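A.B. asks: I have a structure here, written as structure tokens, and I will follow up with some questions on it.
Since every read-out is calculated from the coordinates, none of them should be taken as a lab result. As the structure is a computational prediction, the values presented were derived from the model and not from experiment. With ideal geometry, Cβ positions are generated from the backbone for all residues, glycine too; neighbour counts draw on all protein chains shown.
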Amino acid sequence: MKVPIKYIASSGDEYDLTANGILHRSANYYSWTWGVEGTKLQYGTRVSNFAREAAEYDAELVFYGEPAALRRTIRALHNDFENDLRSKAPGRIILGDYYIDCYVTQSTADPLETWTYISDKIHIYVPYPFWMQDFFVSLPVSGTTTGGSLDYPYDYMYDYTLPAVGTRSIQSDFPFESEFKMVIYGPVVNPRITINNYPYVLYATIPSNAYVVIDSRNKSIMMYSGRTKTNMFNFRNKTDSIFAKIPGGNLLITWDSSFGCDITIFHEKSEPEFEEVL
């Protein structure tokens, strides 16, 4: 199945790079490199780790159509590229179900005399070099069909199947452990969520109309109640890390169904899924 490629600027402006006078002609999104960290020996290297630097891609966009409309489109997109850089806020490229946050750091446009189309070669810089897919799991309060939710700025892949409250069985073929964002809704005292027998525990009281956001990437725990924001880092379980990555494969989740929780699991890969691109 063919999939579109989109760019969402930090301003919120969205561009379909495969429609409306834009053709996404080529890119090296499927190229990646892991660096080797190790000690050189007389014969070979003793490997201690593998790491990734920021990723960089080259792509070509072709703008075509009525000259005035063509110029408006490329001007708007280029203004958004530059605004991302000036504000140090990345845009986002979406390819199928995967996305990367990035900056367009270089553009070489080649307008023809007729202005019927423009070839624009761009260079893309990706500070965090992984393609991501957000997998959403909702743990509802007993007697309800859905948990609470936040107004996220981007679309997620949702898992709507809700078996018996208090237990969730998640089928997944994603093979790697993942970072996550967990949102726990009050009222609840000392919330505990277990994933594949591993406990995620917060020793705190979350009042009604408040919620706590646990972000494993930033190693942060914040409670929000109206306009009040409270750092809850010191209330984490200090025996089993509350920031431990969620394992790959199938998941069995249990929780006290007297409170609700939303979990966004960030599936990260060096490349997007292999799809036929428009």
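A.B. asks: Measure nothing fancy, just the Cα-based angle from helix 67-87's long axis to the longest principal axis of the chain, in degrees from 0 to 90, nearest 10.
C.D. replies: Helix 67-87 and the main axis of the chain meet at about 50 degrees.
A.B. asks: Follow-up. How large is ³J(HN,Hα) for each residue in region 181-194, as worked out from phi by the Karplus curve 6.51 cos²θ - 1.76 cosθ + 1.60 (θ = phi - 60°), to whole Hz, x for Gly and Pro?
C.D. replies: With coefficients 6.51, -1.76 and 1.60, one gets 10, 10, 10, 10, 9, x, x, 6, 10, 6, x, 9, 10, 10 Hz.
A.B. asks: Set the Förster distance to 45 Å, then compute FRET efficiency between Asp110 and Lys245 from the Cβ-Cβ distance, nearest 0.05. Don't skip to the end; give the middle numbers.
C.D. replies: On the way: r = 45 Å, r/R0 = 1.00.
Efficiency at R0 = 45 Å is approximately 0.50.
A.B. asks: Ranking Arg25, Arg236 by Cβ neighbours within 10 Å, fewest first, what do you get?
C.D. replies: Numbers: Arg25 13, Arg236 19.
Lowest count first: Arg25, Arg236.
A.B. asks: Out of Tyr198, Ala89, Phe136, whose Cα points farthest toward the positive end of the dipole of the chain (charges: +1 Lys, Arg; -1 Asp, Glu; placed on Cβ)?
C.D. replies: Tyr198
A.B. asks: Moving on. Quick one: which residues, 5+ away or cross-chain, put their amide H under 5 Å from the amide H of Glu271? H built at 1.01 Å from N.
C.D. replies: Under 5 Å from the amide H of Glu271 lie the amide H atoms of Trp131, each far enough along the sequence or on another chain.
A.B. asks: Straight distance only, please: which lysines reach the Cα of Lys245 with their own Cα at less than 21 Å, same-chain residues fewer than 8 apart left out?
C.D. replies: Straight-line reach from Lys245, under 21 Å: Lys181, Lys219, Lys269.
A.B. asks: Further, regarding this structure: So for the pair Asn28, Val47, with labels modelled 7 Å out along Cα→Cβ, what separation do we get in nm?
C.D. replies: With each label placed 7 Å out from Cα toward Cβ, I get 2.3 nm.
A.B. asks: Still on this structure: Order the peptides 241-247, 52-58 from the highest to the lowest mean number of other Cβ atoms within 10 Å of their residues.
C.D. replies: Working: 241-247: 17.0, 52-58: 14.7.
Packing proxy ranking, top to bottom: 241-247, 52-58.
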